[in-house]
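The values are calculated or read from the model by the stated rules, or taken from the named source; none is laboratory data. Since this is a predicted model, take the numbers as computed values, not measurements. Don't worry about glycine lacking a Cβ; one is built from the backbone with ideal geometry, like all the others, and counts go over all protein chains shown. Calculation scope for accessible area: heavy atoms of the full protein, side chains included, ligands and nucleic acids excluded. Shrake-Rupley method; radii C 1.70, N 1.55, O 1.52, S 1.80 Å.
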Amino acid sequence: MAAPSDNTAEYSQSFTLFLQIVNLSCILPCIIMKMPQVLLLYRSKKTTGLSLMSILLEFYLYTVHFLYFFVNDYALMSYVEYAFLLIQDVMLIAFYLFFNDMVDARALLCTSLYTFSSLAIAAEMTPDWLPAFLLSICLPISVTSKGLQISAIVSAQDSSKVSLLTWTIASLTTFGRMITLVFDKYDQLVLFGYFVGFLMNSLVCCAIIYYKSSPKKFK
């Protein structure tokens, strides 16, 4: 068998470097993606234009994707950003509940159930089909989550408490993940979910821009 040519080896190295750069471009922004929204909420102590249900559904989506990739032995670089997003969403949910006096026994019970269930799936104590099933219902939940956020902005006719930077980063990193997934395991279910997520994130960005431009004219 003929040895691979220098051009082939160089192309392979260049392609690997390209994927590493795209991976990093998806991971690094996600380390702080939610922080503009978290800081905006913390400073204003107001949740106008924010949808708690949208945040909770998004939290579910991040959890399911992280667990699915983890139990299916994906490369860590292809999903590690979900760990950072989950931590930031926890902060966002905590501030939302606190500023609206919603920290109660029910919230603590839900937190306990979520933690136990996630650990059980990560430890593979649940049926093998469960992570894939949970992922299969992520698409309608993703659309609902973004739709609720758009609805909250439209209802308030004010997006001043919703971070455009956060949603812009979400759109760009989702697009980047579409690229890396094509050249990784090419999981069509996940790829289609990323595509829809990119479109919905972009629509949220459009709603933020439109209602932030001059909220007074809608009153």
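Annotations
- Flag for residue 112 being open to solvent by 40 Å² or more (accessible area, probe 1.4 Å) and not in a loop (DSSP other than H, G, I, E, B): yes
- All positions within segment 46-71 that are open to solvent by 60 Å² or more (accessible area, probe 1.4 Å) and either at pLDDT 90 or above or assigned to a helix (DSSP H, G or I) (or both): 53, 56, 60, 70
- Residues of segment 7-45 classified as over 15 Å from residue 89 (Cα atoms) and not in a helix (DSSP H, G or I), total: 1
- When the criteria are applied in full, residue 153 meets the requirement of being part of a helix (DSSP H, G or I), in contact with a helix residue (DSSP H, G or I) (Cβ under 6 Å, 6 or more places away or on another chain) and touching a residue at least 24 places away in the same chain (Cβ under 8 Å).
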